[in-house]
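Peer 1: One structure coming up, written as structure tokens, with questions to follow.
The values are calculated or read from the model by the stated rules, or taken from the named source; none is laboratory data. Please read all numbers here as calculations on a predicted model, not as lab measurements. Quick reminder, even Gly has a Cβ in these numbers, built from the backbone with ideal geometry, and neighbours come from all protein chains shown.
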Amino acid sequence: MTGEATTLPLRERPAGLRDGLVRWLRPKGRADADAVSGQRAVAVALTAIVALSLFLVVMAANRPSLLSPTTHNNFYPRWMAGPLGGLWPGLTGNSTTLKIIFSIAVVVMYLCYLLVLRRSRAVPARWVIATVLAVHVVFILSPPLALTDVFNYINYGRMEAVHHLNPYTTIPILEPHDDPSYALSNWHQLLSPYGPLFTMLTFAVVPLGVAGSFWALKIVLAATSLGTLLLVWKCARLLGRDQVTALALIGLNPIVLVWGLGGDHNDFLMLFFIMLGFYLLLRAREQERHREQRSGPWFAPVSPDLLGAGAAFVVAAGLKASGGVLIPVVLAGLLRHRRALAQVLTGMLLAAVAVGAASLLAFGLHIPDLSTQSRLVTSLSVPNLIGLVVGAGGETETLHKLLTVALAVSVLACCWFAWGPRRLRAGAAPESAGAADPGEVRRAGEGAAARTITASGWAGVALLVTLSWVLPWYVLWVLPLAALSPSRRLRNTALVLGAYLIIAWAPASGKLWNVIGFYPEKTALGRLHQRYVRELLN
């Protein structure tokens, strides 16, 4: 990883001798024709992403089907189908056909997405921005798509607010079954694994009823998704990265759109605060660069941006525990900058006290049930595939422990990478570089930020590939950091992970496994994993 931080920004890469010679030898008309042809291809790809998004939503909203698993025969209320419900009465209801159509549409969207990324330097920013806004509108109007947890969110909130049952100590099956959210939720034997801040947010929408809560959460999650994209855009500008490519890498990813926005998942909230933390760190760095005095007491002057950055990372962890993985990496990246480290730590401590106090008032000394969730295994998660390869029939308890250790070691390695040497050419550390050349100071600061962002991205990758219970929209944990990192390898890894998750979760993938005789859930251990999931779903 040490060599990756030197990768140049996508749009600012200087032309080498070979590139310049090719441009000089190529006729001008040919170059113009190629540019026009590339823009036309991108325009077609962007249009296809919007059209296929709308197609999938209309298909899911049409009638009860596997595309919207909270529906079933004789149950598809108008409020759930949304304004696009019933627009295509002649569409097939055959489940196999729907699986194939859905899977092909997602694959085509992903190919179009890759084309846009490949041609991103030739894409006008307004095209990508308009497409991102369009697909967000489409998925705001969507019914709950496959793999949704939104009604579990609502049910856990109603347990506390309506029935005065602590979701961290009482499983949903013990609540009154006539609650309108109970039949729509499914994890009835699982204590809430969601962070206290997010659970308290679900309290706020309870007065709106189940239908109102559903649409309110959809709007909040879509708004935070757009907010995250705006923060990434601003961060890319501060880092000198290509803003259009960064926006497209996240905002046009069909996995994020279909399974993330379509499934209404709270990862968007968590990620918004993670990116807010990075944006405030970068903005504080910019302010420090323009300040004459670059060194001094730890709290002179106090930086609201640094305090806010620390608080933002803690809030992210308070919304969803997986956000906490990045905290040690961020702190490691600040170890050579004592003033920033002290103020970020102060912001973290203040936010932790506030979050802890709020959680204590709402839930007592109880915390989210992460231990039960950590025992869940998806058949095509990387740990389970490793277990199949080594002949264990899937992820064993021993393998689970080994991968937990591997995650801890990976995070430590990322911390080391974020902290690693980044001295100026004159030999002075950035903290003491008051008399150094301003250009050297600037490059040192940019290198420090790039290393921390890259290390955080790899920490997200490590978390994703060591999780037993991995779901498609988890790629969202990596994409924004990959978009801002100078590491081409990290971006390519994020794209490969996306392809893997599509193969693993596309509805028609089961047909492929039947053809090649791959049945990971039919081993003795696989059946045990499936039975444990069914027990929690009853």
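Peer 1: How about region 509-528: which of its residues are of a type in the set (Gly, Ala, Ser) and in a loop (DSSP other than H, G, I, E, B)? Walk me through how you get there before you give the answer.
Peer 2: Step one: of region 509-528, the residues of a type in the set (Gly, Ala, Ser) are 509-510, 517, 524, 526.
GLY517, the sole residue that qualifies.
Peer 1: What are the residue pairs meeting all of these: first residue in region 113-136, first residue assigned by TED's automatic domain parsing to the domain that holds PHE55 and over 18 Å from ILE502 (Cβ atoms), second residue modelled with pLDDT under 95 and loosely packed, with under 15 Cβ neighbours inside 10 Å, Cβ atoms under 8 Å, and 6 or more apart or on different chains?
Peer 2: ARG121/ARG11; ALA122/ALA35
Peer 1: Given ALA222, ALA246, ALA211, which one is touching a His at 6+ places or on another chain (Cβ under 9 Å) and either part of a helix (DSSP H, G or I) or modelled with pLDDT under 95 (or both)? Don't jump to the end; show me each part of the working.
Peer 2: On the way: ALA246 fails: touching a His at 6+ places or on another chain (Cβ under 9 Å); ALA211 fails: touching a His at 6+ places or on another chain (Cβ under 9 Å).
ALA222 is the lone residue from the list that is touching a His at 6+ places or on another chain (Cβ under 9 Å) and either part of a helix (DSSP H, G or I) or modelled with pLDDT under 95 (or both).
Peer 1: Let me ask something else. Considering only region 339-380, state which residues are among the aliphatic types (A, V, I, L, M) and part of a loop (DSSP other than H, G, I, E, B).
Peer 2: First, the residues of region 339-380 that are among the aliphatic types (A, V, I, L, M): 340-342, 344-345, 348-355, 357-358, 360-362, 365, 367, 370, 376-377, 380.
Listed by number, the residues that qualify are LEU365, ILE367, LEU376, VAL377, LEU380.
Peer 1: Take the conditions of a type outside the set (Val, Ile, Thr) and touching a residue at least 24 places away in the same chain (Cβ under 8 Å) and apply them to LEU388. Does it pass?
Peer 2: Yes.
Peer 1: Ok, one more. Any chance you could count how many residues in region 87-138 are farther than 27 Å from HIS72 by Cβ and in contact with a Ser or Thr (Cβ under 7 Å, 6 or more places away or on another chain)?
Peer 2: So the count comes out to 4.
Peer 1: State the number of residues belonging to region 168-188 that are more than 22 Å from ALA317 (Cβ to Cβ) and crowded, with 17+ Cβ neighbours inside 10 Å. Give the steps one after another, and end with the answer.
Peer 2: Restricting attention to region 168-188, the residues satisfying the condition of being more than 22 Å from ALA317 (Cβ to Cβ) are 170-186, 188.
Still in the running and crowded, with 17+ Cβ neighbours inside 10 Å: 170-172, 175, 179, 181-182, 184-186, 188.
Within region 168-188, residues that are more than 22 Å from ALA317 (Cβ to Cβ) and crowded, with 17+ Cβ neighbours inside 10 Å number 11.
Peer 1: If the Cβ limit is 9 Å and pairs must be 6+ apart or interchain, which residue in region 87-99 that is over 13 Å from VAL57 (Cβ atoms) and surrounded by fewer than 13 Cβ atoms within 10 Å (Cβ to Cβ) pairs with which residue that is at pLDDT 90 or above and polar (S, T, N, Q)?
Peer 2: So the pair list comes out as PRO89/ASN62; GLY93/ASN62; GLY93/SER65; SER95/SER65.
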